[in-house]
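Right, one structure below, let's go through it.
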Amino acid sequence: DFDQVENWQKQLVFLRFMFDVPEGRLIVDYQKVIDEGLESIIERLKGKMKAIGSLNSKEDFDRYNFYKGTIMALEGVINFAENHAKEAERLAGICREQKRKEELLEIARICRKVPGKPADTFHEAMQAFWFTQVCLFIEINGRGISPGRFDQYMYRPFKKDFEAGTLTEEKALELLELMRIKCTEIARAHATFTESYLGGSIYQNVTLGGVDRYGVPADNKLSKLVLQAGVNVKTWQPTISVRWRDDLSESFKMKVVDCIKAGSGYPALFNDKLATERFMSVTGANLEDARDWAPCGCVDMQICGKRMPMFSVANTNNPKIFELVLNGGVNPVTGDKLVDLKIDLNKASYEEIVGEYKRVCEL
């Protein structure tokens, strides 16, 4: 019950795990950004605004403002990328080393193209992903903003370039290694309490393996390169999770073992079959959506690009519950009655009080 949880958090029966900044913990639709581009999404949103017509109700007004706000945010991401393009061009203009000058001009070209327009190459897709990721952190300042099923939405441009001979494993691996470094550069501003508790980690979780929407094992050459990047560059971000199943390829499973042996604490292994069944039974997701799940943050699980209603109570204040029991279900600090007791405290034995405490803990 959301209202009860919210009330009990205010009464300190439940302690907010993250009280100083937004929680984060989301996996957005990176594939839509990479394959479609933000400009296309903006045009679709403008069409929805036009379809509303006159703002004759609060619902229409709220919808209109939601679409308008989303457009402004997406335009901000495009402008953010444009600023990087301008800076790359400025640096190229003063660069005396020809190879680096060419690299800077290529960076400028890519940043001017994505994420506004669809990514055609693996390098462009990596840049589109990165602008999306970093802008989410700038906007939310949360933790657990996770790349999700990276080896799925990045595989199309990877495969296309690889088969065309314009991308080598070495170049792809270098980009993946650089991504690890960039993810580790992200710092989250938050209070001293949570800094000491979390040690600074922001829980960006890359997921590999599992199955596609048709139930076919989905590991691929890119999956193994992501693991190799984790072996080569032992940064704590992003962490890696594997949706494990018996029918994954033997070479992928052995690469998973190699990455674990490297000693960085990843990848974590999740039972793909049980998780998919869980989403269907608990959330009511259809089979196709349930097959597109990924760990978000540490071990939270979500369907990628489809934020589930989720309310997490991280810590229960057991001494506070005991205090409620000893005060007839009333919080002595606020005077609010939070729970009805099933015992008479004036007549109850020690064993009955303990039993009532346990009952309240289970509410």
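Things worth noting here:
- Residue count, the stretch 225-248 (criterion: over 24 Å from Gly297 (Cβ atoms) and in a loop (DSSP other than H, G, I, E, B)): 2
- Scanning the stretch 102-145 for residues that are within 24 Å of Met301 (Cα to Cα), at pLDDT 95 or above and polar (S, T, N, Q) returns Thr132, Gln133.
- If the condition is being part of a loop (DSSP other than H, G, I, E, B) and either within 24 Å of the chain's Cα centre (by Cα) or over 17 Å from Asp219 (Cα atoms) (or both), then the stretch 249-267 contributes Ala262, Gly263, Ser264, Gly265, Tyr266, Pro267.
- Any chance Lys273 is basic (Lys, Arg) and closer than 29 Å to Val134 by Cα: no
- Some residue of the stretch 22-40 being under 24 Å from the mean Cα position of the chain (by Cα), farther than 25 Å from Gln302 by Cα and at pLDDT 95 or above: yes
- Enumeration of residues in the stretch 328-346 that are aliphatic (A, V, I, L, M) and surrounded by 12 or more Cβ atoms within 10 Å (Cβ to Cβ): Val330, Leu338, Val339, Leu341, Ile343, Leu345
- Pairs where the first residue, in the stretch 254-269, is in the same structural domain as Val242 (by TED's automatic domain parsing) and the second is of a type in the set (Lys, Arg) and surrounded by 15 or more Cβ atoms within 10 Å (Cβ to Cβ), C-beta under 6 Å, 6+ apart: Lys255/Lys224
- Boolean, Gln4 is modelled with pLDDT under 95, over 20 Å from the mean Cα position of the chain (by Cα), surrounded by 14 or more Cβ atoms within 10 Å (Cβ to Cβ) and outside any loop (DSSP other than H, G, I, E, B): no
Let's see how each residue does on (1) farther than 30 Å from Arg213 by Cα; (2) aromatic (Phe, Trp, Tyr); (3) under 30 Å from the mean Cα position of the chain (by Cα):
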position: Lys306; (1), (2), (3): no, no, yes
position: Asn317; (1), (2), (3): yes, no, yes
position: Leu324; (1), (2), (3): yes, no, no
position: Asp340; (1), (2), (3): yes, no, no
position: Lys347; (1), (2), (3): yes, no, no
position: Ile353; (1), (2), (3): yes, no, no
position: Val360; (1), (2), (3): yes, no, no
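- Tally, over the stretch 276-301, of residues that are more than 17 Å from the chain's Cα centre (by Cα) and among the aliphatic types (A, V, I, L, M): 4
- Checklist (1) of a type in the set (Lys, Arg); (2) surrounded by fewer than 16 Cβ atoms within 10 Å (Cβ to Cβ); (3) over 27 Å from Glu23 (Cβ atoms) applied to Lys306, failing item: (3)
- Answer residue from the stretch 189-222, given it is charged (D, E, K, R) and at pLDDT 95 or above and is surrounded by the fewest Cβ atoms within 10 Å (Cβ to Cβ) among those: Asp212
Per-residue answers, yes or no, for (1) exposed (fewer than 13 other Cβ atoms within 10 Å of the Cβ); (2) farther than 23 Å from Val28 by Cβ; (3) not basic (Lys, Arg):
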residue: Lys234; (1), (2), (3): yes, yes, no
residue: Pro238; (1), (2), (3): no, no, yes
residue: Met254; (1), (2), (3): yes, yes, yes
residue: Pro267; (1), (2), (3): no, no, yes
residue: Asp289; (1), (2), (3): no, no, yes
residue: Asp300; (1), (2), (3): no, no, yes
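The values are calculated or read from the model by the stated rules, or taken from the named source; none is laboratory data. This is a predicted model, so every value here is computed, not measured. Backbone-built Cβ (ideal geometry, glycine too); neighbour counts: all protein chains shown.
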